[in-house]
1. Look through P284, P326 and report the one residue that is at negative phi, touching a residue at least 60 places away in the same chain (Cβ under 8 Å) and part of a loop (DSSP other than H, G, I, E, B).
2. Return the total of residues in the range 294-342 being among the basic types (K, R) and modelled with pLDDT under 95.
3. Among the residues of the range 170-188, write down those that are assigned to a helix (DSSP H, G or I) and either more than 19 Å from E136 (Cα to Cα) or open to solvent by 40 Å² or more (accessible area, probe 1.4 Å) (or both).
4. Might you check whether a residue that is farther than 23 Å from P212 by Cβ, among the hydrophobic types (A, V, I, L, M, F, W, C), open to solvent by 40 Å² or more (accessible area, probe 1.4 Å) and out of contact with any strand residue (DSSP E or B) (no Cβ under 8 Å at 6 or more places or on another chain) occurs anywhere in the range 256-272?
5. Using beta carbons and a limit of 6 Å, which pairs, at least six apart or on different chains, have the first residue in the range 89-101 and closer than 10 Å to L229 by Cβ and the second one hydroxyl-bearing (S, T, Y) and crowded, with 17+ Cβ neighbours inside 10 Å?
6. Restricting attention to the range 311-325, does a residue exist that is within 17 Å of the chain's Cα centre (by Cα), of a type outside the set (A, V, I, L, M, F, W, C) and closer than 30 Å to R189 by Cβ?
7. What is the residue count in the range 237-247 for residues that are touching a residue at least 60 places away in the same chain (Cβ under 8 Å) and within 20 Å of the chain's Cα centre (by Cα)?
8. What are the pairs with Cβ atoms under 7 angstrom where one residue, in the range 189-217, is closer than 18 Å to T289 by Cα and open to solvent by 60 Å² or more (accessible area, probe 1.4 Å) and the other, located anywhere, is assigned to a strand (DSSP E or B) and of a type in the set (S, T, N, Q)? Sequence gap at least six, or different chains.
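The values are calculated or read from the model by the stated rules, or taken from the named source; none is laboratory data. Small disclaimer: the values here were computed from a predicted structure and weren't measured. Reconstructed Cβ throughout: ideal geometry from the backbone, glycine too, with neighbour counts over all protein chains shown. When the accessible area is computed, the model is the full protein with side chains, heavy atoms only, and any ligands, DNA or RNA have been set aside. Shrake-Rupley method; radii C 1.70, N 1.55, O 1.52, S 1.80 Å.
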Amino acid sequence: MTAGSDEVLIVGAGIAGLRCARALAAAGTPVRVLEKSRGVGGRCATRRVDGQPVDHGVAFLHGASPEFLRELREVPDVAALDGWPRRVHGRGRPCQPEAFDPWQRRIAYAEGLTAWPKHLAATLGVELETRVRGLEPRNGPIRIDTVSPRTADARPRRARTLVLTLPAEQLRELLDPLAGLTPDLDAARGLLRMVATEPCLTLIAVYGPEAPVPPWDIAYPEDSNVLRLVSHDSAKRRDPALRVLVAQAHAAWSRRRVDAEARSWSDELLGELQRIAGAWVGRPRAVQTHRWRYGRLDRGSELTRPLLIGLPGGARLGLAGELFAPGGGVEAAWRSGIALADRLAAG
């Protein structure tokens, strides 16, 4: 189906894109979301290992906004784990240290963190496995060239309002060919050149139920240049059949290996995990890996609000995501999506 020009197109089904789409749809605006992956949620990602959920992106959600926390607790048919993680080991630096401030609240789900973005997407039109490979503003609607990675089918779309909720590097790739189109767009491109997203290589280590139970929910190693955090993921599950640890590497370590074969770095991660957690960790039943090329926003580089840029012929281009709200992280992405929807609705 080719989108109508009055339909808002949103690229990216992470939290910013889904929350923006949900707010627009609630106001009666036709909206469609395009996502290059096979599922929604971005880093709020859950996979299944022998049927057991495993969060291999964000380990838990946290925030201070009452509206944000209320929305997290209102996800239907899931068991919200308030206060998780409760047992925190080590004084290494968390991705977002404020997660453990007294005014912050932490939440996980026994069914996996992807339950929330799936809930947000339930009533929306989301096209998965659809990659945007180019934009062409005209005197009127923006033309968006899309392709399915699975079928290689190319499909042009047109929209008077296009919203991009992508990492800074992917935004630059799409917007740099539009250099000189408008001063506001060039200013946005300049801002994006000053921002970086940190990679994060991730190891999922799977053990049988006979494996020892770690005395912590999350560990932040103090003496490791390799591991930033280790999540005892199976501590979130009801009657888990497997013991599962999720290890996430430091950004600098990940950056040097992000393009290497997974086997070359997964063995290093497992060895460091064994050093930190004990000899038993070196004998997993299975391991899986994930390469978060755009894993975390480089803190301190985020902007204060989403951008809305007018283009020749009356089309509008919106930019949202965790980069476009103070603090970074999932709550910032959520705020930016709502803020952009409000600006779009205001005309």
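1. P284
2. 3
3. Matches in the range 170-188: R172, E173, D176, P177, P183, D184, D186, A187.
4. no
5. Final answer for the pair search is G90/Y220; G92/Y220; P94/Y220.
6. Looking for residues that are within 17 Å of the chain's Cα centre (by Cα), of a type outside the set (A, V, I, L, M, F, W, C) and closer than 30 Å to R189 by Cβ, one finds at least one in the range 311-325, hence yes.
7. Of the residues in the range 237-247, 1 are touching a residue at least 60 places away in the same chain (Cβ under 8 Å) and within 20 Å of the chain's Cα centre (by Cα).
8. Pairs found: none.
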